[in-house]
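A.B. asks: Would you mind keeping the following structure in view while I ask a few things?
The values are calculated or read from the model by the stated rules, or taken from the named source; none is laboratory data. Model, not experiment: these values are computed from the prediction. Neighbour counts run over all protein chains shown; Cβ positions are idealised from the backbone, glycine included. Please note that ligands, DNA and RNA were not included when accessible areas were found on the heavy atoms of the full protein model with its side chains. Shrake-Rupley method; radii C 1.70, N 1.55, O 1.52, S 1.80 Å.
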Amino acid sequence: MKKTAFNSIHHSLNAKMVPFAGYEMPIEYTGINDEHMQVRNNVGVFDVSHMGEFWVKGPNAFEFIQRVTSNDVGKLSIGKAQYSCFPNGQGGIVDDLLVYKYEEEKYLLVVNASNIEKDWNWCIENNTMHAELENASDEISQLAIQGPKAIETLQKLTDINLSEIPYYSFVTGKIGGVNDVIISNTGYTGAGGFELYIYNKDATTLWESIFKAGAEYDIKPIGLAARDTLRLEMGFCLYGNDINDTTSPIEAGLGWITKFTDSNDFIDREALLSQKENGVTRRLRAFKMINRGIPRKDYEIVDNEDNVIGHVTSGTQSPVLKSGIGMGYVKTDQAKFGTEIFIKVRNRKLKAEIVKAPFI
Amino acid sequence: MNIPENLKYTKDHEWILVEGDVVTVGITEFAQGELGDIVFVEIETEGEDLDKEEVFGTIEAVKTVSDLYMPVKGKVLEVNDDLEDQPELVNKEPYEGGWMVKIQAEDVAEFDALLTAEQYKELIG
């Protein structure tokens, strides 16, 4: 079992630790609702060091990333980040990721922990243009500082004016006594805040600085369980649940990161373009429970005549709404917003409504 | 970990307070900690006669759902209505306000098979 640089801190905080993607990770510290609301109302810190980081360098870096990712890297300028995915050559998704343009010929790809090996092999296999690839996943730690008080907390630790870093942009600089930190205005919570990339050796120094600075906002560590409920309230996809090797980005509502610009000759371009033009048979939809109950992964979605029209891919009780919310693929002809659907929660059929994400 | 000596336990992490042939049932402090924040306790078996180990309800935490099992054979006499609006009582006071049902046992001899506090402590290590 791998450990992040923060492992002993999590233990000392009495976190509930679980194996996740080969790492021992904190799933919960004080309780999922408490942690969730802390991020929505104040500020919380996630250890997301298990995420994978690949550097792509050299004169062919651009061409490589343009080929393997669905978004248009040509639109990316230095200091900007882009959400994207790796199409898998069969209309599915290898992984979703962030692409950072660090320098003219240097990019950082940030991938899901559970897919590091698969993604790395996929990149190697498709690197016919010989870009320089480096898997830095084991050397880089990552903290996500999220919530409305994240910016105030972090501003105390740096001379960089954080309010001048737009959403999906980053700078590299000194923060909390650590040099060369990638300070990225991104996150997976919808609560605002930053993601910081650092070398493992600096990890605990930065953690301590952040907790000192955030004390007045009652800053707290947040586990993976609340990370999941926070992202689900925003309707953000989770790889392995809402998207996978068999779901297309068009079906998943990720058309906005699938760019058919002339210069973007990515893997699966033709197949996905045809889906975009001709339509798909199912769509990923957000739904809110009307009856009391919690939808969970793999539960059946049925119409009022009990016909199965899809399956739940993610579901939870929303700590903010205090009602069940979920996402799932449903047949396109029954996927209109406002459609009444039913979720088979064990032996019962509970009413729900298709809604537009985010939920809050 | 609080494991009151005066209670009996099951391997399903339920506690049982025996008073004559009536037992009160809830889940242990260990169980609520494993489940995390509890959002619903659903028990729709009030008045029913159920066998030992039959499901008398379900408990939903944010992340997971779990069945509740009859520790002994008997009739579900009473359900804790407070849990309808305050399911968090199961987290906050598992042995008091978080009780779930009272059961009229059919055969008090079944109580002998329940675990003592010490045996339960060993079970959860």
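A.B. asks: Say we look at region B:22-45 and pick out the residues that are among the acidic types (Asp, Glu) and in contact (Cβ under 8 Å) with a residue 40 or more places away in the chain; which of these is nearest to the other protein chains (Cβ to nearest Cβ)? Before the answer, list the steps.
C.D. replies: First pass over region B:22-45, keeping only residues among the acidic types (Asp, Glu): B:29, B:34, B:37, B:42, B:44.
Filter once more, so that each one left must be in contact (Cβ under 8 Å) with a residue 40 or more places away in the chain: B:29, B:37.
Numbers: B:Glu29: 14, B:Asp37: 5 Å.
Only one residue tops the list, namely B:Asp37.
A.B. asks: Here is a check on your reading of the model: is B:Glu19 without any contact (Cβ under 8 Å) to a residue 12 or more places away in the chain and away from chain A (no Cβ under 14 Å)?
C.D. replies: yes
A.B. asks: Just one of (1) in contact with a Phe, Trp or Tyr (Cβ under 9 Å, 6 or more places away or on another chain); (2) within 14 Å of chain B (Cβ to nearest Cβ) trips up A:Ile32, so point out which.
C.D. replies: Condition not satisfied by A:Ile32: (1).
A.B. asks: Which residue, of A:Leu196, A:Leu157, A:Leu206, is assigned to a strand (DSSP E or B) and either in contact with a Phe, Trp or Tyr (Cβ under 8 Å, 6 or more places away or on another chain) or away from chain B (no Cβ under 14 Å) (or both)? Give the derivation first.
C.D. replies: On the way: A:Leu157 fails: assigned to a strand (DSSP E or B); A:Leu206 fails: assigned to a strand (DSSP E or B).
Exactly one residue qualifies, and that residue is A:Leu196.
A.B. asks: Turning to a different aspect of this structure: Among the listed residues A:Ser314, A:Ser248, identify the single one that is farther than 26 Å from B:Thr58 by Cα, open to solvent by less than 10 Å² (accessible area, probe 1.4 Å) and in contact (Cβ under 8 Å) with a residue 24 or more places away in the chain. Steps first, please.
C.D. replies: Values: A:Ser314 fails: farther than 26 Å from B:Thr58 by Cα.
Result: A:Ser248 is the single residue among A:Ser314, A:Ser248 that is farther than 26 Å from B:Thr58 by Cα, open to solvent by less than 10 Å² (accessible area, probe 1.4 Å) and in contact (Cβ under 8 Å) with a residue 24 or more places away in the chain.
A.B. asks: Kindly list the number of the only condition in (1) touching a Ser or Thr at 6+ places or on another chain (Cβ under 8 Å); (2) more than 14 Å from every other protein chain (Cβ to nearest Cβ); (3) among the basic types (Lys, Arg) that fails for A:Lys356.
C.D. replies: Unmet for A:Lys356, out of (1) touching a Ser or Thr at 6+ places or on another chain (Cβ under 8 Å); (2) more than 14 Å from every other protein chain (Cβ to nearest Cβ); (3) among the basic types (Lys, Arg): (1).
A.B. asks: Given the residues B:Val90, B:Val55, B:Val79, B:Val62, which is the only one that is within 12 Å of chain A (Cβ to nearest Cβ) and surrounded by 20 or more Cβ atoms within 10 Å (Cβ to Cβ)?
C.D. replies: Numbers: B:Val90 fails: within 12 Å of chain A (Cβ to nearest Cβ); B:Val55 fails: surrounded by 20 or more Cβ atoms within 10 Å (Cβ to Cβ); B:Val79 fails: within 12 Å of chain A (Cβ to nearest Cβ).
Just one listed residue meets the conditions, B:Val62.
A.B. asks: Of all the residues that make up region A:299-326, how many are among the charged types (D, E, K, R) and at the interface with another protein chain (Cβ under 10 Å from one of its Cβ atoms)? Lay out the reasoning, then the answer.
C.D. replies: Applying the first criterion (among the charged types (D, E, K, R)) to region A:299-326 yields A:300, A:303, A:305-306, A:322.
Next, from what is left, pick out any that are at the interface with another protein chain (Cβ under 10 Å from one of its Cβ atoms): A:322.
Total meeting the criteria: 1.
A.B. asks: Mind counting the residues in region A:209-245 that are of a type outside the set (Val, Ile, Thr), in contact (Cβ under 8 Å) with a residue 40 or more places away in the chain and outside any loop (DSSP other than H, G, I, E, B)? Give the derivation first.
C.D. replies: Restricting attention to region A:209-245, the residues satisfying the condition of being of a type outside the set (Val, Ile, Thr) are A:209, A:211-218, A:220-221, A:223-228, A:230-242, A:244-245.
So of that shortlist, the ones also in contact (Cβ under 8 Å) with a residue 40 or more places away in the chain come out as A:209, A:211, A:213-214, A:217-218, A:220-221, A:223-228, A:230-242, A:244-245.
Remaining after also requiring outside any loop (DSSP other than H, G, I, E, B): A:209, A:211, A:213, A:217, A:220-221, A:224-228, A:230-234, A:239.
Residues that pass the stated criteria total 17.
A.B. asks: Can you tell me how many residues within region A:279-298 are touching a strand residue (DSSP E or B) at 6+ places or on another chain (Cβ under 6 Å), assigned to a strand (DSSP E or B) and either open to solvent by less than 70 Å² (accessible area, probe 1.4 Å) or within 14 Å of another protein chain (Cβ to nearest Cβ) (or both)?
C.D. replies: Total satisfying the criteria: 5.
A.B. asks: Return yes when A:Glu152 is open to solvent by 30 Å² or more (accessible area, probe 1.4 Å) and within 27 Å of A:Gly89 (Cα to Cα) and no when it is not.
C.D. replies: Numbers: open to solvent by 30 Å² or more (accessible area, probe 1.4 Å): yes; within 27 Å of A:Gly89 (Cα to Cα): no.
No.
A.B. asks: Same structure, new question: Looking only at residues that are among the β-branched types (Val, Ile, Thr) and within 16 Å of A:Ala226 (Cα to Cα) in region A:8-29, which one is farthest from the chain's Cα centre (by Cα)?
C.D. replies: Residues of region A:8-29 among the β-branched types (Val, Ile, Thr): A:9, A:18, A:27.
Still in the list and also within 16 Å of A:Ala226 (Cα to Cα): A:18, A:27.
Working: A:Val18: 19, A:Ile27: 16 Å.
This residue is A:Val18.
A.B. asks: Within region A:335-360, how many residues are of a type in the set (A, V, I, L, M, F, W, C), open to solvent by 70 Å² or more (accessible area, probe 1.4 Å) and either part of a strand (DSSP E or B) or in the same structural domain as A:Arg296 (by TED's automatic domain parsing) (or both)?
C.D. replies: Within region A:335-360, the subset of a type in the set (A, V, I, L, M, F, W, C) is A:335, A:337, A:341-343, A:345, A:350, A:352, A:354-355, A:357, A:359-360.
The next check asks that each one be open to solvent by 70 Å² or more (accessible area, probe 1.4 Å); those that pass are A:337, A:360.
Retained after the next criterion (residues that are either part of a strand (DSSP E or B) or in the same structural domain as A:Arg296 (by TED's automatic domain parsing) (or both)): A:337.
Adding up the residues that qualify gives 1.
A.B. asks: Can you tell me which of (1) more than 14 Å from chain A (Cβ to nearest Cβ); (2) open to solvent by 20 Å² or more (accessible area, probe 1.4 Å); (3) in contact with a strand residue (DSSP E or B) (Cβ under 8 Å, 6 or more places away or on another chain) is the one B:Gly74 doesn't meet?
C.D. replies: (2)
A.B. asks: Kindly provide the set of residues from region A:88-112 that are open to solvent by less than 10 Å² (accessible area, probe 1.4 Å) and either of a type in the set (A, V, I, L, M) or touching a Pro at 6+ places or on another chain (Cβ under 7 Å) (or both), ordered by number.
C.D. replies: A:Ile93, A:Val94, A:Leu97, A:Val99, A:Leu108, A:Leu109, A:Val110, A:Val111
A.B. asks: Starting from region A:258-287, keep only residues that are on the phi > 0 side of the Ramachandran plot, then list their pairs with residues that are open to solvent by 40 Å² or more (accessible area, probe 1.4 Å) and not acidic (Asp, Glu) whose Cβ atoms are within a distance under 9 Å, requiring at least 6 positions of separation or different chains.
C.D. replies: So the pair list comes out as A:Asp268/A:Gly89; A:Asp268/A:Gln90; A:Gly279/A:Thr332.
A.B. asks: Separate question: How many residues are over 17 Å from A:Tyr102 (Cα atoms) and either surrounded by fewer than 17 Cβ atoms within 10 Å (Cβ to Cβ) or small (Gly, Ala, Ser) (or both) if we restrict to region A:161-181?
C.D. replies: Residues meeting the conditions: 5.
A.B. asks: Determine, yes or no, whether A:Ala271 is assigned to a helix (DSSP H, G or I) and either among the acidic types (Asp, Glu) or more than 18 Å from the chain's Cα centre (by Cα) (or both). Working first, answer last.
C.D. replies: Working: assigned to a helix (DSSP H, G or I): yes; either among the acidic types (Asp, Glu) or more than 18 Å from the chain's Cα centre (by Cα) (or both): yes.
Yes, satisfied.
A.B. asks: Would you mind stating whether A:Asn42 is open to solvent by 10 Å² or more (accessible area, probe 1.4 Å) and not assigned by TED's automatic domain parsing to the domain that holds A:Glu152? Reasoning before the result, please.
C.D. replies: Working: open to solvent by 10 Å² or more (accessible area, probe 1.4 Å): yes; not assigned by TED's automatic domain parsing to the domain that holds A:Glu152: no.
No: the conditions fail for A:Asn42.
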